[in-house]
Each structure stands twice: as structure tokens, then as C-alpha cells.
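Participant: Below you'll find the structure I mean.
The values are calculated or read from the model by the stated rules, or taken from the named source; none is laboratory data. Here the structure is a predicted model, which means the values were calculated and not measured. Here the Cβ positions follow ideal geometry from the backbone for every residue, glycine too, while neighbour counts run over all protein chains shown. What goes into the accessible areas is simple: the full protein's heavy atoms, side chains included, and nothing from ligands, DNA or RNA. Shrake-Rupley method; radii C 1.70, N 1.55, O 1.52, S 1.80 Å.
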Amino acid sequence: MGENGGKSVGRLRVGVLASGRGSNLQAIIDSSLKGRIDVDVAVVVSDVEDAPALERARSAGIPAVHVPPGRFRTRLTPEAEQRYVEILDEHGVEVVVLAGFMRILHDSFLTRYAGRVVNVHPALLPSFPGLHGQRQALDYGVKWTGATVHFVDAGVDTGPVILQAVVPVMDGDTEETLSARILAQEHRIYPEALQLIAAGRLRMEGRLVTSTGGNGDAGGDGDAGGDAGGDAGAGEGSGT
């Protein structure tokens, strides 16, 4: 991970924002430690003081910081958001990873990290955006759903899609059983998407994100950037 937050040569430094258990964070940490992705988690920041994600980070020797969100229920105060920016910048963060972060991000944050904020959502976007994507899929009666890694833009789960994984909806599925299968795919494709960014293999033209080749192995060129603005819903992921 880079001792004391130090940068490893040729590796992407990400900052993870998390509000809950941090299982997607753990999948990223594990993939990094096993050498599967050229990514270092530089810092983890949470709006929840006792979030298990913070302990996961500390256990891996990663700086973990709690920043009180302020008086609003669904978003950070400007003062809190500025502190997030300061912490991310202090740790040399290049890409911001949302992993079950349940706060809305504002224009000032998205402008600073334009095209460098990513999220995972438990549905095949653009279907079932917002909260409880798994429940929405069951209520609608679809036969297939899944997980989506996407760039964050001004809307709620409306950013350009990087990777998706398809998950069948089985007869007798509950929200819990379906969520578990989707979560397993989130753990697979989130590190893969970060590796594509780390390897410089993504190009964005409008809403279309394409890979310049391979499966995200190090090397190659491209542009993972884009434009972002407005207020962005942090999205749900699986609350992890």
C-alpha cells in the first residue's frame, strides 16, 4: 500500500469514501495486496465514526479518518466537504472511490475531481438507480439484474458506465439473497474497473467509455477523465 501513505512507482493512488461495512473497500485492498491491480489505497475517509470500513483500513495500515458530516442528513456541510478535499489532497489522491458512501457530493467537490470520482451500484444502470436497487429489481419482476461501476456526474447514478456484471434473478429470491449475489460481482468488477483506470486504458467520448485493449493490465495509454458538475448523489452500492 505504500508505507506511511508513500507513493509506489507507477501505481494509482485512490482515496475511498465509505459509510458502512466496507466490503468493497476490502475487495480493493485485497486485490492491491495480492498484486492484481496497480492501485494503492492512500486514505479512507468516513462520515460515520464507528464505520467498520475505518477499522478495515487501519488493519491494513491505511490512514483512516472520520470527518463529522455536519448538520445535514443526506449531504456534507461545505465545511465538512472542504475537510474531505484537504485530506484527499494531503494523501496525494488521484481518483476518489465511493464505497457505500451515503452522502451527496456537491459541485465544488466534483469540479475539483472532475472525471475522477467512481462509484458502484447494485443494478444494471440505467435501470433501478437510487436506493434499494435490488428491491426495485425484485418489485419490477426482471429476470436479470447486476452491478455497475460508473463515473460520478451531476445526477443520481447517471454517470458514464465503466463496467457491468449481469446477475440472474432466481425464483424465490429475497432482497437479501439477491443482494449477496450482486455484491459478489461488485467485489469482482470494482477492482477491475480501477485497474483499467490505473493502466490508462479508458477513453470517454460523451457517455461512451471504452477500453483501449486487454483486461486492464498495466501499460497502454488513454484518458479516464471527463467532466462533472452539479450536485451528485453518492449512490448506494450495496451499502458496503
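Participant: Just to confirm, what accessible area per residue do you get for region 117-197 at 1.4 Å probe, in whole Å²?
Facilitator: Roughly 41 Å² per residue, with all protein chains present.
Participant: Read phi for every residue in region 117-131 and hand back ³J(HN,Hα) as whole Hz from Karplus 6.51 cos²θ - 1.76 cosθ + 1.60, θ = phi - 60°, with x for Gly and Pro.
Facilitator: Residue by residue, region 117-131 yields 10, 10, 8, 10, 10, x, 6, 8, 4, x, 6, 6, x, x, 6 Hz.
Participant: Shape verdict for region 12-133, please, from the Cα gyration tensor: rounded (a/c under 1.5), prolate (a/b greater than b/c) or oblate.
Facilitator: Verdict is rounded for region 12-133.
Participant: Could you check the simple spin-label distance between Asp30 and Thr111, using points 7 Å along Cα→Cβ, in nm with one decimal?
Facilitator: The answer from the label model is 4.0 nm.
Participant: Further question on the same structure: Please state the relative contact order of region 1-129 as a whole percent: Cα pairs under 8 Å, 6+ residues apart?
Facilitator: Relative contact order of region 1-129: 27 percent.
Participant: In percent, what relative contact order does the chain have, based on Cα pairs under 8 Å that are 6 or more apart in sequence?
Facilitator: 23
Participant: Something else about it: Region 62-143: which trypsin sites (Lys or Arg not before Pro) are DSSP loop and have at most 15 other beta-carbon atoms within 10 angstrom?
Facilitator: Arg71, Arg73, Lys143
Participant: Still on this structure, I have one more. Sort the chain into rounded, prolate or oblate with this rule: let a ≥ b ≥ c be the square roots of the eigenvalues of the Cα gyration tensor; rounded if a/c is under 1.5, and if a/c is not under 1.5, prolate when a/b is larger than b/c, oblate otherwise.
Facilitator: Rounded is the answer for the chain, as its axis ratio a/c remains below 1.5.
Participant: Further, regarding this structure: When the accessible area of region 30-75 is split by element with a 1.4 Å probe, what percent falls to carbon and sulfur?
Facilitator: So the carbon and sulfur contribution to the accessible surface is 46 percent.
Participant: Continuing with the same structure: With the Cα gyration tensor of region 97-199 giving a ≥ b ≥ c as the square roots of its eigenvalues, does the rule (a/c under 1.5 for rounded; else a/b larger than b/c for prolate; else oblate) give rounded, prolate or oblate?
Facilitator: prolate
Participant: Here's something else I'd like to know. Work out which helices of the chain, taken as complete DSSP H runs, extend at least 30 Å along their axis over the Cα atoms and score a mean Kyte-Doolittle of 1.0 or more, then list them.
Facilitator: Membrane-span-like by this criterion, though nothing is claimed about a membrane: none.
Participant: For the chain, what does -39500 (n - 2.57) per DSSP helix run (n ≥ 4), summed and divided by total residues, give at 222 nm, in deg cm²/dmol to the nearest 500?
Facilitator: Mean residue ellipticity, 222 nm, calculated: -9000 deg cm²/dmol.
Participant: Right, here's the next one. Going from most exposed to least, what order do Asp40, Asp153 have by accessible area with a 1.4 Å probe?
Facilitator: Ranked list, largest accessible area first: Asp153, Asp40.
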